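Heads up, the thing below is written out as structure tokens.
Values in this text are rule-based calculations from the coordinates and carry no lab data. Since the structure is predicted, the reported quantities are computational estimates derived from the model, not experimental observations. Glycine also receives a Cβ, built like all others from the backbone with ideal geometry; neighbour counts cover every protein chain displayed.
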Amino acid sequence: VPRSVDNKKHNNAKSGDGEGVVAQKSDATKSNGTVPDSSETSSSSEPTQLTKKQKKKLLYKDEARPKKLAHKEPTTDAIIQKAKDLKKHRLSLPIYTARDIIIKEVKENACVVIVGETGSGKTTQIPQYLLESGLAAHGTIAITQPRRVAAINLAKRVAEEVGTPIGQKVGYSIRFDDSSSRDSLIKYMTDGIMLRELLSDRLLLRYSVIILDEAHERTLRTDILFGMVKSIQKQRQELIDKGRKDVQPLRIVIMSATLNAEKFSEYFYNAKIMYISGRMYPVKILNTIEPQSDYVDSALVTAFQIHQEEAPGDILIFLTGQEEIENLEKLIEEYAVDLPPSVGKLIPCPIFAAQDSATQQKIFEPAPQGTRKVILATNIAETSITIPNIRYVIDTGCHKSRGYNAKIGIESLLVEPISKSSARQRSGRAGREAPGLCFRLYTEYSFDQLEEDSIPEIKRCNLESAILSLKATGIDDVTGFDFMDRPSKSGMLRSLEHLYALEALDDEGKLTEIGTKMAAFPVDPPYAKVLLQSEKMECTKEAIEIISLLSVDSVFSAPSSKREEANEARQKFVSLDGDHLTLLNTLRAYESVKGDRDWCRENFINSRHMRHVMDVRKQLIQFCERSGMDPKKSCGHDLEIVLKCFLAGFFQNTALLQPDGTYKSIIGGQTVSVHPSSSLFGKKREAIMYNELVFTTKHYIRGVSALESAWLPQAAPKYFGRRQA
Ligand code: CDP
Ligand code: MG
């Protein structure tokens, strides 16, 4: 991670070529004392209270009146005029020169792979070309997106270009928001929605063409869709060959922003790859000389430096999530007040999912004369959405979406370094209309350490999670599934067995009710089982807390110079029952001092990890609330319940004490050693369970707690019952 060294001197970071690129904060802004408080800045905003008269006016629903007209929707004339205006833009896109050949290839081939520079027009133009060429005559043209915001935004844009209100010819469908109709000829949708539609329309008969966009991202869902559409295409053809008149062939288009598309081609029977060249101006890359400890702060400083020193052109900052985006937005607004009058305004424009579309559309509009926009986005702006007029990119080197935490398998929670290929895509955003600059908030050395490409999600996530997803999509024969990257057969069988033991699958390998619930949980199956079990055992609060604590390496820090001191400090938290409850004690103590940093330092608690823990906990609580569980249900002081609850997910990770004092795992009879960092190190208990097995010089187990062997049959009746039989 580029921000590993903790130095507060962000002002001395320099570019790779020796130029100072990151200004001192005091250059751009004044010290805190002069920053006006927010009440002052917001006082000028319009009052939102309705007047008495307005309050009296009631609105009635009139079925006969088109709903759209009630709001300030553009008139038909305005829509048609807008489409005319956009026509010029459409004709100027690089992809336009390839229009006829794209139509020809898609018409003549069952499957085509299209690779093109981000912004060349793939997502917005290709569906329109296919529509114009008559390919929507026998069904809708569907185009999938990994991100909801992209699906909505692009659909709205294309509706404007086509010249009809959104929801008519062009619609979108995302979870909880469907603005498409039976008449929609082009439909933008998330990959999740398409998987859902598959459950009710096995052959996706309503679609004539399916475009799988952003294929390079290789999300688990897109990977499942690859296999599904390939098989649907074959099945439909078989029906047609049998003379079924009501079935039409399915055309598949795969679109990607990165060059390595051979894999897609091979998978789809050596489909033809078409390369669309984009326009690219040179982008100069600047790396910081020193690692940055706080990239939000460094981004803030860099943005003001660009604003004061560089030529006109907007700035795009890549951040990791909504909270960070909102933080930086506030900071920029605060500091911008202190810009000297000679310098134009700097206007922050955030883009994230939970945002109304008018606000979102603002990022595409030019900044007023003499001002500069600074767009704050997640990696949605990497390849999904192209924002015009960007000359400067600030790359934090991190992302959050679609990340997997290897410890508990929780999705999209921890900030992780991007790949080299992502870093290149990001810098490319600065050179679409003129030569640009990319400020990387990490060192050249850090860049060299990055992975070349991001690893497909199916390889990163736990195989059992992937299997649950497949089963939840209605694919029962997972071993026979046509994976683009096939997991090993033995690994698959082991996972199936484990899922059976967890009661997620029944004797026939079908998803059980428990399994269906587990598939929806954003954590690996054993943890999902613990959460489900916690509902029955009434200890959801504690289960969520411990799972969150297990999501980081360790909440304890043990600097080698002060190991003894650290050990001593830890004794306060130690529970005789082992690590799970020790962690819980630590969290309680941390909360009682409200996360005080001095307290953390004195007690050798890693406060950064602790903050991650709190973040994970928040997300798990939200998830439980959304799925109808009560995250506050607590077992109080009867903490033995919590251990039993964990055993329901981790009964396979158990070991029994041997006469010679060693532990042997119940499954496989492996000798395992309690890791020295565990609170049960050197202790002898009848039976133990653990969360992790790590092999270094020995088979070490971590996250260890004591249990009674009598608990075992109850924790996993299916498993231990079957073994005995
Ligand atoms: O898919 P690809 O990256 O090849 O390009 P695209 O998303 O189809 O974008 C083509 C062009 O449309 C870009 O120049 C975008 O800036 C523009 N566009 C826009 O102006 N407003 C939108 N809401 C979406 C796209
Ligand atoms: Mg695109």
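Evaluate E = 1/(1 + (r/R0)^6) for ASN585 and THR75, where r is the Cβ-Cβ distance and R0 equals 51 Å; express this FRET efficiency to the nearest 0.05.
Given R0 = 51 Å and the Cβ-Cβ separation, E is 0.20.
Using alpha-carbon positions, what is the distance between the centroids of the range 271-339 and the range 440-454, in Å?
17 Å
Calculate, in nm to one decimal, what GLN308 and ARG601 gain on full extension: separation in residues at 0.36 nm each, minus their alpha carbon distance.
Roughly 101.6 nm would be gained on extension.
Can you find, among VAL374, PHE264, THR76, the residue sitting farthest towards the positive end of the charge dipole of the chain, where Lys and Arg contribute +1 and Asp and Glu -1 at Cβ?
Towards the positive end, the residue furthest out is THR76.
Can you give the FRET efficiency for ASN109 and ALA434, using 1/(1 + (r/R0)^6), R0 = 41 Å, r = Cβ-Cβ distance, to the nearest 0.05?
The formula returns an efficiency of 0.65 here.
Which whole-number percent gives the relative contact order of the range 222-292, counting Cα pairs below 8 Å spaced six or more residues apart?
18 percent
Could you pull the Cα extents of the chain along its three principal axes, largest to smallest, in whole Å?
Per principal axis, max minus min of the Cα coordinates gives 84, 78, 63 Å.
Between HIS89 and GLN361, what length in nm is gained on full extension when 0.36 nm per residue of separation is reduced by their alpha carbon distance?
96.2 nm
At ASP476 and LEU693, where each label point lies 7 Å from the Cα along Cα→Cβ, what is the point-to-point distance in nanometres?
Result: 3.2 nm between the two label points.
Using the 4.7 Å Cβ rule, please list in number order the cysteines from the chain without any candidate partner.
By the Cβ distance rule, which asks for a partner under 4.7 Å, the isolated cysteines are CYS111, CYS349, CYS398, CYS438, CYS461, CYS600, CYS624, CYS645.
Kindly list the residues of the range 445-471 that lie in the label zone of LYS420, defined by a backbone N under 16 Å from the point 7 Å along the Cα-to-C-beta vector.
Counting backbone N atoms under 16 Å from the label point, the list is 445-455.
What is the P(r) of the range 659-711, as percent of Cα-Cα pairs per 5 Å bin from 0?
Distribution as computed: 4, 20, 36, 28, 11, 1, 0 percent.
Treat each spin label as a single point 7 Å out from the Cα along the C-beta direction, and report the LYS632 to LYS572 distance in nm.
2.9 nm
Can you give me the C-alpha center-to-center distance between the range 550-618 and the range 645-705, rounded to a whole angstrom?
22 Å
Using the 10 angstrom Cβ neighbour count as an exposure proxy, how do HIS580, HIS609 rank, fewest first?
Ranking HIS580, HIS609 by Cβ neighbours within 10 Å, fewest first, gives HIS609, HIS580.
Would you please state which residues of the range 545-580 a label at GLN449 would reach in this model, taking the label point 7 Å out along Cα→Cβ and a backbone N cut-off of under 18 Å?
Counting backbone N atoms under 18 Å from the label point, the list is 553-554.
Hey, what number do you get for the chain at 222 nm if only DSSP H runs of n ≥ 4 count, each worth -39500 (n - 2.57), divided across all residues, to the nearest 500?
It lands at -12000 deg cm²/dmol.
When you count, for each residue, the other Cβ atoms within 10 Å and take the mean per peptide, how do 169-182, 359-372 rank with the highest first?
169-182, 359-372
For ASP338 and MET280, compute 0.36 nm times the residue count separating them, minus their Cα-Cα distance, and round to one decimal in nm.
17.3 nm
Order these by the 10 Å Cβ neighbour count, fewest first: THR697, THR97, THR302.
Lowest to highest Cβ neighbour count: THR697, THR97, THR302.
Could you please rank GLU290, GLU160, GLU309, placing first whichever residue has the fewest other Cβ atoms within 10 Å of its Cβ?
By the 10 Å Cβ count, ascending: GLU309, GLU290, GLU160.
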